[in-house]
Amino acid sequence: MSQKSDSDMFHKIVRAQAEYARAIDNDRLEDWPAFFEDPCLYRITTAGNFAKGYEAGIVFANTRGMLTDRITALREANIFERHTYRHISGAPCILSEDADGARSETPFVVVRIMRDGVTDVFASGCYRDLWRAHGAQVKLAERIVICDSSRIDTLLVIPL
């Protein structure tokens, strides 16, 4: 790969990561599935389970339709105390780039803000992604959210 190609992909991923976080943080959750190809993989797991190679996740979806259903359930069926997130992401590290796409790892922290103003660190970890180019943009073929802690709040309704 040329340095320009690496730089182009890096900038596309940075932009997509920022738009992804902004959509979730601004409660535009219906926009979230559009960041993914169809079919796709979205999985939330713990660092320990990921290291052991366990495929099962806390959250699992393998189509954009499943992601859309998750948002529909969140909006219409699930009962939970309303809250919002604020994502803080580091710069992505491109691990590889080939004909299948670019694999990257990006550290993140998600802060949860409850209706009463209580704010706490909800999750930290990294995204392990497979990005594919779609013209001037990239889409996620795969996002594995690897949470540092094995303690996951049962209030995991909003995507990470």
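Per DSSP helix of 4 or more residues, -39500 (n - 2.57); summed, then divided by the residues of the chain. What does that give at 222 nm, rounded to the nearest 500?
On the way: 3 runs with 41 residues, N = 160.
That calculation yields -8000 deg cm²/dmol at 222 nm.
Taking R0 as 22 Å, what's the FRET efficiency between Ser96 and Ile152 from their Cβ-Cβ distance, rounded to 0.05? Efficiency for this residue pair is about 0.15. A Förster radius of 41 Å, combined with the Cβ-Cβ distance separating Glu19 from Lys52, puts the computed FRET efficiency at roughly 0.80. The residues neighbouring Gln137, those whose beta-carbon lies less than 13 Å from its own, together hold a net charge of +1 under the Lys/Arg +1, Asp/Glu -1 convention. Quick one: angle between helix 3-25 and the longest Cα principal axis of the chain, in degrees between 0 and 90, rounded to 10, please. Between helix and principal axis, roughly 10 degrees. Give the relative contact order (percent, whole number) for the chain; include only Cα pairs under 8 Å separated by 6+ residues. That works out to 25 percent. In this simple spin-label model, placing a label point 7 Å from the Cα along the Cα-to-Cβ direction at both Asp8 and Glu105 gives a separation of 2.7 nm. Measure nothing but the geometry: give the 0 to 90° angle between the long axis through the Cα atoms of 64-76 and the longest principal axis through the Cα atoms of the chain, rounded to 10°. The angle comes out near 20 degrees. Distance between the 7 Å Cα→Cβ label points at Ala136 and Arg86: 3.1 nm. Alpha carbon centre of the range 108-140 versus the range 12-67: separation in Å? Using only Cα atoms to place each centre, the spacing works out to 8 Å. Using the alpha-carbon positions of the range 3-147, Rg (one decimal) and Dmax (whole number) come out as 15.4, 49 Å. Within the chain, the longest run free of exposed loop sites, counting chymotrypsin sites (Phe, Trp or Tyr not before Pro) that sit outside DSSP helix and strand states (H, G, I, E, B) and have at most 11 other Cβ atoms within 10 Å, spans 81-160. Placing +1 on the Cβ of every Lys and Arg and -1 on the Cβ of every Asp and Glu, with nothing else charged, gives the range 3-147 a dipole about its Cα centre of roughly 180 debye.
Explain nothing, just the number: relative contact order of the range 89-160, from Cα pairs under 8 Å at least 6 residues apart, as a whole percent. Before the final figure, lay out the partial values.
Numbers: 126 pairs, mean separation 16.8, N = 72.
Reported as a whole number, the value is 23 percent.
Taking Cβ atoms as reference points and 10 Å as the exclusive limit, the residues near Asp38 contribute a net charge of +1, counting Lys and Arg as +1 and Asp and Glu as -1.
Coordinate-derived values only; no laboratory data. All values derive from a computational prediction rather than experimental measurement. Every residue, glycine as well, gets a Cβ built from its backbone with ideal geometry; the counts of neighbours run over all protein chains shown.
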